[in-house]
Amino acid sequence: MKFSEMTYTRPDMRLAFETLDSLTARLQTSADPKEQLSIYKEAETLLNHIWTQASICMIRNSVDTRDEFYNKETEYINDQDPLLEEKLQSFHEALVKSPCRPELEQSLGSLVFKNLEMTLKSFSPELIPLMQEENKLTTEYQKLYASAQVPFQGKTLTIAQLGPYKEHADREVRKAALEAEGRFFDEHRQEFDEIYDKLVKNRTEQAKKLGFDSYVELAALRLRRNCYTPADVAGFRDRVVRDLVPLTVKVKERQAKRLGISDFKFYDNALKFKGGSATPQGTPEEIMAAGLKMYEELSPDTRDFIHLMFENDLFDVLAKEGKAPGGYCTSLPDYGYPYIFSNFNGTSGDVDVLTHEAGHAFADYIAHRTIDIDALRNPTMEGAETHSMSMEFLTAPWHHLFFGPMTDKYELSHAEDALVFIPYGCLVDHFQYEMYTHPELTPEERNQTWLKLEKRYRPYLDFDNLPFYGRGAGWQRQMHIYGSPFYYIDYCLAQVMSLQFFALSLEDRDAAWKKYMDFVKLGGTKTFIDLAHAVNLQSPMDEECVKTVCEKAFQWTEQNLVE
């Protein structure tokens with residue numbers, strides 16, 4: 001069924017709550033493991049239906065944030081979500097405390113119960129008003145961001161549409177584009193500051209009500225950090241500073257040399273080559289056609305997957321007025337379909353959508369066809385991001401379809417970007433750690449903290465007094481900081497995993513693809529660390545992993561330099 005033909009019906013949450021109450025009561029009175037498993041699957045079917053309708057609403061709201069119908073439906077779903085969490089808490093408690101738990105663990109796996117116990121610790125009914133307010137604030141941020149209409153060179157552009165100008169071969173154009181972007185954020189400075197201040201205080205209050213010292217601990221539970229702690233994350237960040245940041249400084253020195261620039265500035269950061277960054281060769285329609293060919297040829301599984309995506313119009317990728325920024329992949333479980341949302345803007349990021357987001361979509365496609373238990377289909381987010389970031393490298397034999405004579409440039413910049421990204425992702429994570437361990441900070445103190453951490457993770461940058469960026473507010477462009485707190489270190493861990501798949505693909509592409517499929521087919525049946533070890537890869541949490549993996553990738557870039 002095409003996405004446009006899918007009917008959105010507001011979920012009847014009152015009926016859903018009554019059904020969950022009934023299922024909980026049946027679970028509490030049953031002593032039959034088979035009956036309890038059947039009750040569990042009934043609940044799973046109900047939740048999948050609610051999730052499907054919520055996803056349809058989210059997608060259509062993202063496509064046009066000005067649509068009042070879906071704005072109101074989004075508000076309704078956001079208000080109901082914490083109430084659903086309350087009903088699920090009772091159901092999950094009954095499941096965790098079930099006398100049939102040993103038998104249920106044989107069917108569902110012990111990891112399901114470990115994750116449920118973490119979920120139970122992260123919620124209390126008294127949090128409902130705060131969670132509803134939090135949802136409203138994140139929606140307010142998205143709408144404010146999406147409202148950007150930036151005057152530039154006689155045009156009015158969205159933030160996404162400014163992207164190509166920030167990679168322009170003319171240095172003055174790059175600088176002007178960042179200045180124009182910065183003016184929008186400066187003009188709305190008070191609004192962005194106030195939204196974030198309210199979010200920090202809200203989330204901190206939620207954590208305190210549950211007895212935590214800070215939101216850091218609560219976020220770890222909500223993100224199901226089931227095999228490492230915040231202290232382990234801090235150790236990973238330290239190893240990135242020690243073992244990787246010196247390599248990224250060398251990468252940027254090479255970039256400056258390629259550009260013929262002796263005073264490397266922030267507005268030079270996105271341009272990789274003097275003649276211009278590698279850009280897709282063709283119209284959006286031609287790029288999509290190349291993506292179709294790529295996945296048809298990659299494997300029989302990807303061929304079937306991409307045909308499903310195209311036949312059912314499971315994409316919305318063109319940047320346009322009123323559209324939410326960014327990109328994502330979500331799931332429509334009632335249909336067994338994934339969906340990809342993005343904003344094409346004529347940069348290499350357009351191709352990344354067809355590799356990164358399609359990596360998520362392909363994993364979702366495989367999971368729905370190979371894993372019966374919905375709770376075991378998806379790993380925690382760093383595992384899911386491994387699916388997507390690794391696909392970016394494993395599709396390399398087809399990158400020429402997008403970049404033509406610029407393919408070598410793209411391959412080099414893609415590998416360099418992977419290395420440079422990891423410290424930036426650690427910067428985002430470390431900044432949030434500081435924000436939630438010091439929730440009393442003022443907006444100016446937050447900006448100064450960001451600038452201080454920039455020197456730790458990206459010491460090569462000079463903001464040259466640019467508006468917005470120069471005062472240390474650049475973090476406000478990073479949507480995860482507002483809407484998905486602490487969901488960013490996942491990308492760093494996954495990038496380290498992807499570089500292992502990259503290295504293997506250079507030695508034996510078929511073996512790399514087989515190992516990737518083995519990883520994908522495991523879904524969420526194991527913790528992230530166990531997933532890595534299950535396919536004989538290092539976990540990024542292993543002491544020497546960052547050093548060995550990143551040095552190998554850096555050496556490849558040294559051997560494949562392009563001017």
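Give K274/K320; K409/K455; K166/K250; K166/K526; K257/K552 a once-over and call out the pairs whose C-alpha atoms are over 31 Å from each other. Walk me through the intermediate numbers first.
Values: K274/K320 29 Å; K409/K455 28 Å; K166/K250 22 Å; K166/K526 41 Å; K257/K552 22 Å.
Beyond 31 Å between Cα atoms: K166/K526.
For region 239-255, just list the computed ³J(HN,Hα) in residue order, Karplus coefficients 6.51, -1.76 and 1.60, θ = phi - 60°, integers in Hz, with x standing in for Gly and Pro.
Running phi through 6.51 cos²θ - 1.76 cosθ + 1.60 with θ = phi - 60° gives 5, 5, 5, 6, 9, 10, 3, x, 5, 5, 4, 5, 4, 6, 5, 5, 4 Hz.
Restricting to DSSP loop positions (anything but H, G, I, E, B) with no more than 10 other Cβ atoms inside 10 Å of their own Cβ, which GluC sites (Glu not before Pro) remain in region 1-93?
Within region 1-93, no GluC sites (Glu not before Pro) qualify (loop, at most 10 other Cβ atoms within 10 Å).
Give the value in nm², to one decimal: projected area of the alpha carbon convex hull of region 80-220, averaged over all directions.
12.6 nm²
Please give, to one decimal in nm, the separation of the simple spin-label points placed at Q28 and K250, each 7 Å out from Cα toward the Cβ.
6.3 nm
Give me the percent of the accessible area of the chain that comes from carbon and sulfur atoms, probe 1.4 Å, all protein chains in place. Each step should come with its number before you reach the end.
Values: 11230 of 22510 Å².
It is 50 percent, rounded to a whole number.
Calculate the spin-label point distance for K114 paired with K72, positioning each point 7 Å from the Cα along the beta-carbon direction, and give it in nanometres.
In this crude label model, K72 to K114 measures out at 4.6 nm.
Gain in length, E105 to E543, computed as 0.36 nm per residue apart minus the alpha-carbon separation, to one decimal in nm? Could the numbers behind the result be given before it?
Numbers: separation 438, 0.36 × 438 = 157.68 nm, distance 3.21 nm.
Answer, rounded to one decimal: 154.5 nm.
Under 14 Å from a point 7 Å along the Cα-to-Cβ line of R369: which residues of region 302-337 have their amide N that close?
Counting backbone N atoms under 14 Å from the label point, the list is 302-311, 336-337.
If R0 is 41 Å, what FRET efficiency do you get for D530 and E296 from their C-beta distance, rounded to 0.05?
Working: r = 33 Å, r/R0 = 0.81.
Result of the calculation: an efficiency of 0.80.
Would you check the accessible area of L46, probe 1.4 Å, heavy atoms only, in square angstrom rounded to 10?
Only protein atoms counted, so the area is about 40 Å².
How much length is gained if the chain between E551 and N465 is pulled fully straight, taking 0.36 nm per residue apart and subtracting their Cα-Cα distance, in nm to one decimal?
Contour length minus Cα-Cα distance gives 27.6 nm.
Treat region 503-563 as a sphere of radius equal to its Kirkwood radius over Cα pairs and apply Stokes-Einstein at 20 °C in a medium of 1.002 mPa s; give the translational diffusion coefficient in µm²/s, rounded to a whole number.
164 µm²/s
If R₀ is 41 angstrom, what is the calculated FRET efficiency for the pair D304 and S147, using the beta carbon separation as r and rounding to 0.05?
After rounding, the FRET efficiency stands at 0.55.
How far, in nm, would the chain grow between K198 and E445 when pulled straight, counting 0.36 nm per residue and subtracting the alpha carbon separation?
87.4 nm is the gain from fully extending K198 to E445.
Could you tell me, in Å, what Rg and Dmax come out for the Cα atoms of region 440-563?
Over region 440-563's Cα set, Rg and Dmax evaluate to 18.7, 53 Å.
What are the equivalent ellipsoid semi-axes of region 11-111, built from the alpha-carbon gyration tensor (square roots of five times its eigenvalues), in whole angstrom, biggest first?
After diagonalising the Cα gyration tensor, the semi-axes are 32, 13, 10 Å.
With 38 Å as the cut-off, how large is the P(r) tail for the chain, expressed as percent of Cα-Cα pairs?
Summing the P(r) of the chain above 38 Å gives 28 percent of all pairs.
Which value in nm describes the separation of the simple spin-label points at E205 and T19, placed 7 Å from the Cα toward the beta carbon?
Going by the 7 Å Cα→Cβ label model, 3.3 nm.
Grab the beta carbon distance between E35 and S262, set R0 = 60 Å, and tell me the FRET efficiency rounded to 0.05.
Efficiency, from the Cβ-Cβ distance: 0.20.
The values are calculated or read from the model by the stated rules, or taken from the named source; none is laboratory data. Fair warning: this is a prediction, and the values are worked out from it, not measured in the lab. All Cβ positions, even for glycine, are placed from backbone atoms using ideal geometry, and neighbour counts span all protein chains on display. Remember, those area values only see protein heavy atoms, side chains included, never the ligands or the DNA or RNA. Shrake-Rupley method; radii C 1.70, N 1.55, O 1.52, S 1.80 Å.
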